[in-house]
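Values in this text are rule-based calculations from the coordinates and carry no lab data. Keep in mind that what you see is a predicted model, and the values were worked out from it rather than measured. As a convention, Cβ positions derive from the backbone with ideal geometry for all residues, glycine included, and neighbour counts pool all protein chains shown.
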Amino acid sequence: MIAKKWILLNNEIMIKQDDEFSLHKDKEAVRSYFLDYVNKNTVFFYTLKEKIDYLIENNYYVNFYEWYTFDQMKQVFDLVYSRKFRFPSFMSAFKFFQSYALRDDSGEKFLERYEDRLAVIALFLARGDVNKAMETAEILINQEYQPATPTFLNAGKKRSGELVSCFLDEVGDNLNGIGYAIDSAMKLSSIGGGVSFNMSKVRARGEAIKGVENLSSGVLPVMKIFEDTFSYANQLGQRPGAGAVYLNVFHADVEEFLDCKKINVDEKVRIKSLSIGVIVPDKFMELAENDEPCYLFYPHTVMLEYGQYLDELDMDAMYEELITNPKIRKRKVNARHLLVKIAQTQKESGYPYLFFKGNANRQHPLEGVGNVKFSNLCTEIMQISDVSDIESYGKQDTIRYGISCNLGSLNIVTVMENKRIKEAVKTAMDALTIVSDFTNIEMVPSISKANAELHSVGLGAMNLHGFLAKNFIMYESDEALEFANVFFMMVNYYSLERSMEIARERKKTFAGFENSRYASGSYFDKYVAEDIIPQRAKIQALFEGVHIPTKEDWAQLKEAVAEHGLYHAYRLAIAPNQSTAYIMNSTASVMPVVDVIEVREYGDSTTYYPMPYLTNDNYFYYKSAYDMDQKKVLRLISVIQRHVDQGISTILHTNSKDTTRDLSVYYIYAHKMGLKSLYYTRTRKASIDECVSCAV
């Protein structure tokens, strides 16, 4: 098979001249891709009106005429086209047209350009407010903000999936509760949802059922059902279902839970496609660090004795009582050996994710409303949840909180260079709010209830390494720490301010606001105490011409929030966002890059993606994550975490020479630095596909 011209041009990047890569060849590849493929396979319309009318009449777009006049729509299209956008890399153009551009029913012809997709998203999210549509269109065409994949792909389309595709829920400890969770998994997976479940309430293997000992099969058989469920309900075969399950480290089944990811384990035990995460309370980290014995508990005996679930107990307060209470069934293990077992499993499979429960709840602004018990497929969503009471047929269920993730990301480079942090954050918050307001997953009542009452969103960021490299700042440096501290403080400030403004406009707060640290004002104390401003001249220059909120600004915001409240229970979460990072020509999330020039395999061809803004001058600043001091990476993430009310997808990059002890040290360090979670552990030359549902 003859390679396509644009692929050949892209591959010529790797031909060195005078010991320098031929980076200009990537621009030639983009031009060829458009001239020789995209343009030839795009449906041509003589006028914008002809295009819009055709797409509405043929059920490609929703009927925008119900919200706008044609002249209003034209304003938005004119704005995006006037910027004369050009894809800066072949990969960004290729990713958009392969994965996101609207095609005709044959699947052969493109009906949208990039500008069309942005205009339609802006019109759809603004719901008839043309000024809001213009503001949204501006942050999109400036590439200051990127909606999550579900929103970017589906907004404005008549035949579309949901705008949100990441969900979390609890599993109850009875057949009704387990059945509800499996039914929810099937329904959510069928609409393209990735779903995470907390299984810590399910009784362990060998526990009693109806008072008869040794009848329970434990969590593993339920996990098998979940795995089959996600495989079966796969959104019309367009993409595989994605699921994750979390288990508390003090649960008696935790060793069996970890063994399911071993490569050489019995097929009856092995879980292949389901992701797993371990919930780690502070008490366990203390036991492991001090090399003390650790007891694993049988959760049903805890429920019978205390009327509370094991994973909802404060283990710092209750651990000693649990191990001395003869009514609580338990078994003894070595805490450090268990931590090493977690590390061994990660070395083999990349799993489990780690959720540091104590850190998440210590920093939790809604501590007076409820606790965070687990996380999602990508470990950045951390919200309150409560298990629902599902009764037998004909009886009244008690529905409590599940969780849905409504995500989008700022592009750090463009918002900084355009000096529009405030404008971009506030408009992004508006866009996310619309998605939250108009998403109602009725098929799963616990998810629907949480979305309706909490209005949670997750604004994140991408292109941190790209921004630092472009400005000749090393990712591991103190300058990077200072920049991140100021930038994410500002994102926090303006997202809070916009949430307060929406609450004031609508005269409505999220449920439970009055019991939050926002209402009491304690959340703002650290910001009111002292100014967060850059000290180094280089970082000062980056923020030149931008107002950095002062402690006086924070004090005023504290008063305004006390008076008007907040609309959103949660605002910030930093997802992996690899997929849409290509379109934005940015480095993914806030993590360091792996390769200076990334190699991707698509079908029978190889493509190369040079890191954004790469030149032969800043090449040195794109140091691979595998060559970095992981403690310095974790230190930078910990600085960002101070300002993020939810979590950050944090990947550990290790080399084959790193031992399980080295990994254990990283876990302890991450915990001490206040990180709330760790996502995958990647070992050089090993790869794990990104979670599609959280690809923002």
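Each of L338, L247 was scored by other Cβ atoms within 10 Å of its Cβ. Listed from fewest to most, they are L338, L247.
Let's see if you can work this out: charge +1 on each Lys and Arg Cβ, -1 on each Asp and Glu Cβ, no other charges. What is the dipole magnitude of the stretch 26-169 about its Cα centre, in debye to the nearest 20? Mind dumping the intermediate values first?
Details: 19 positive and 21 negative charges, 65 e Å.
Dipole about the Cα centre, nearest 20: 320 debye.
Along the stretch 556-566 the Karplus relation, 6.51 cos²θ - 1.76 cosθ + 1.60 evaluated at θ = phi - 60°, assigns HN-Hα couplings of 5, 5, 4, 5, 5, 5, 4, 7, 9, x, 10 Hz to successive residues, with x for each Gly and Pro. Under a model in which nothing but the beta-carbon of Lys, Arg (+1) and Asp, Glu (-1) is charged, the chain shows a dipole of about 840 debye around its Cα centre. Taking the Kirkwood radius as Rh and the Cα radius of gyration as Rg, the stretch 257-376 has a ratio of Rg/Rh equal to 0.98.
Only counting other Cβ atoms within 10 Å, I'd like V130, V633, V76 sorted with the fewest neighbours first. Present the calculation step by step, with values, prior to reporting the outcome.
On the way: V130 18, V633 22, V76 25.
So the ranking, lowest neighbour count to highest, is V130, V633, V76.
Between E305 and A562, the FRET efficiency estimated from the beta carbon spacing at R0 = 30 angstrom works out to 0.15. Helix 90-99 axis versus longest C-alpha principal axis of the chain: approximately 70°, rounded to the nearest ten.
Packing order of peptides 456-464, 115-123, highest average first: 456-464, 115-123 (average count of other Cβ atoms within 10 Å over each peptide's residues). Computed over the alpha-carbon atoms, the chain gives an Rg to Rh ratio of 0.96, Rh here being the Kirkwood radius from the mean inverse distance.
Working from the Cα coordinates of the stretch 1-118, the gyration tensor eigenvalues give, after taking √(5λ), semi-axes of 34, 16, 10 Å in decreasing order.
Placing unit charges on the Cβ atoms only, positive for Lys and Arg and negative for Asp and Glu, gives the stretch 48-112 a dipole magnitude near 500 debye about its Cα centre. Projecting label points 7 angstrom from Cα along Cα→Cβ for V599 and E66 puts them 5.1 nm apart. Size descriptors for the stretch 573-687, from the alpha-carbon set: Rg then Dmax equal 15.0, 46 Å. Dipole orientation for the stretch 147-209: of the candidates N154, G172, G194, N154 has the Cα lying most toward the positive pole (charges on Cβ; Lys, Arg +1; Asp, Glu -1). Which angle between 0 and 90 degrees, to the nearest 10, do you get for helix 114-126 versus the longest principal axis of the chain when only C-alpha atoms count? Helix 114-126 sits roughly 60 degrees off the main axis of the chain. Across the options G350, V245, M91, the greatest Cα extent toward the positive end of the charge dipole of the chain (unit charges at beta carbon of Lys, Arg, Asp, Glu) belongs to M91. Between the residues L678, V561, I539, the greatest Cα displacement towards the positive end of the dipole of the chain, with unit charges on the Cβ of Lys, Arg, Asp and Glu, is found for L678. Length gained on full extension, K40 to V269, computed as 0.36 nm times the residue gap minus the Cα-Cα distance: 77.3 nm. Each residue in K676, K261 was given a count of other beta-carbon atoms within 10 angstrom of its own, and listing them fewest first yields K261, K676.
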